[in-house]
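Here the structure is laid out as structure tokens; the discussion comes afterwards.
The values are calculated or read from the model by the stated rules, or taken from the named source; none is laboratory data. Owing to the predicted nature of the structure, the values given are computational and were not obtained by experimental measurement. Heads up, the Cβs are rebuilt from the backbone with ideal geometry, glycines too, and the neighbour counts pull from every protein chain shown.
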Amino acid sequence: MSATLPKIAVIGTGGTISGVGSDRLDLYEYGTSGRFMHVEELIATVPELARIATVVPVRYLNVGSGSIGPANWLELLGIIHATVEADPAIAGVVVTHGTATLEETAYFLNLTVKVAVPVVLVGAMRPSSALGADGGMNLLNGVRVAASPAARGMGVLVVLNDEINAARDVAKTSNYRLNTFVSRDFGMLGSADGDQVTFYRKPLRRAAPDTEFDVAGLAALPRVDIILAYGGADAVLVEAAVAAGALGLVSAGLPSGAPSPEQKLALQAAAKAGVVVVQSSRSGSGRVIDSKVALRDAGFLAADSLTPQKARILLMLALTVSRDPAVIRRIFAEY
Ligand code: ASP
């Protein structure tokens, strides 16, 4: 029977989904134990997976996702490519991941993966040892979505709480609720219900595998820092980021998208010196408009509807293509 089942690779990186607490009510201190199940152990907790797919475990990391950053993104991308290229029977890839930075890894992969099979990120809000743990169902649903022919051409997907969201649009919006992953402006793409995986919409922005970012040979990504705006914010953090070698800066601006007055002067000076400055908003939803007076005259680009952390990733990748603000403006309009 298994010969007819789709073959799905499951790459483990750690996170709450594989976390092990001290008892069933350890819902917030489990991370301090540092105990994570390896991906094959996690898979073994869901024997029902064998009914829907031949699951191929791939160990990568066993860490909380706060420890996952650009160097890991590049490694993970390499593992996804190597796994799919080594076995043409692989029909999809699932990555198990902590939820804290899950949306960042997902968006990076959404912009860089070059293989056509679905890539799906899953996590959990409760550790595997908890009463009411959600990771098993999220993993099962992630595998179902990765195995679904309808998931092809959707870009990288995030599946938790039975909901399928696009990597570009989704954000973790609550610290503890199971329905934390929400695409605030655009809504979910579909659902993984008990009977079937169903899609209702398709993202229009450019996404894997048809993107222009080829980072396979890179040892590191260009440095881009995020500068949060708040009442009374001065120039210190902007100047520190430039001194640290940032090639790009993302202002997480006061809604609808503006730095504080002192930050603005420092960001304008940075832009004049060749640092690419992108204006986003700290509000978590809504577009930043590419306004002539507020942005273009100051030498800033607009993040459109990307959150600051997503705008940072797109800017890092854009800087691997060009440092010309006109090229980067075009990239922010397309992705
Ligand atoms: N601290 C965890 C992590 O991101 C949170 C989670 O996985 O839900 O690794």
Entirely in segment 190-230, the strands (runs of 3 or more DSSP E) that have 1 or more residues that are out of contact with any Pro (no Cβ under 7 Å at 6 or more places or on another chain) and hydroxyl-bearing (Ser, Thr, Tyr): 190-192, 197-199
Evaluation of ARG24 against (1) more than 16 Å from the ligand (Cβ to nearest atom); (2) surrounded by fewer than 17 Cβ atoms within 10 Å (Cβ to Cβ); (3) closer than 28 Å to VAL197 by Cβ (one fails), failing number: (3)
Residue satisfying all of: in segment 4-51; of a type in the set (A, V, I, L, M) and assigned to a loop (DSSP other than H, G, I, E, B); farthest from GLY135 (Cα to Cα) among these: LEU5
Filter result for ALA82 (more than 12 Å from the ligand (Cβ to nearest atom), of a type in the set (A, V, I, L, M), at pLDDT 95 or above and surrounded by fewer than 19 Cβ atoms within 10 Å (Cβ to Cβ)): yes
Residue in segment 267-288 that is farthest from ASP225 (Cα to Cα), counting only those that are buried (at least 21 other Cβ atoms within 10 Å of the Cβ) and in contact with a Ser or Thr (Cβ under 9 Å, 6 or more places away or on another chain): VAL288
Some residue of segment 64-73 being in contact with a Lys or Arg (Cβ under 6 Å, 6 or more places away or on another chain), away from the ligand (no atom under 12 Å from the Cβ) and in contact (Cβ under 8 Å) with a residue 24 or more places away in the chain: no
Test: residue in segment 138-148 that is within 26 Å of LEU314 (Cα to Cα), under 16 Å from the mean Cα position of the chain (by Cα) and in contact (Cβ under 8 Å) with a residue 24 or more places away in the chain: yes
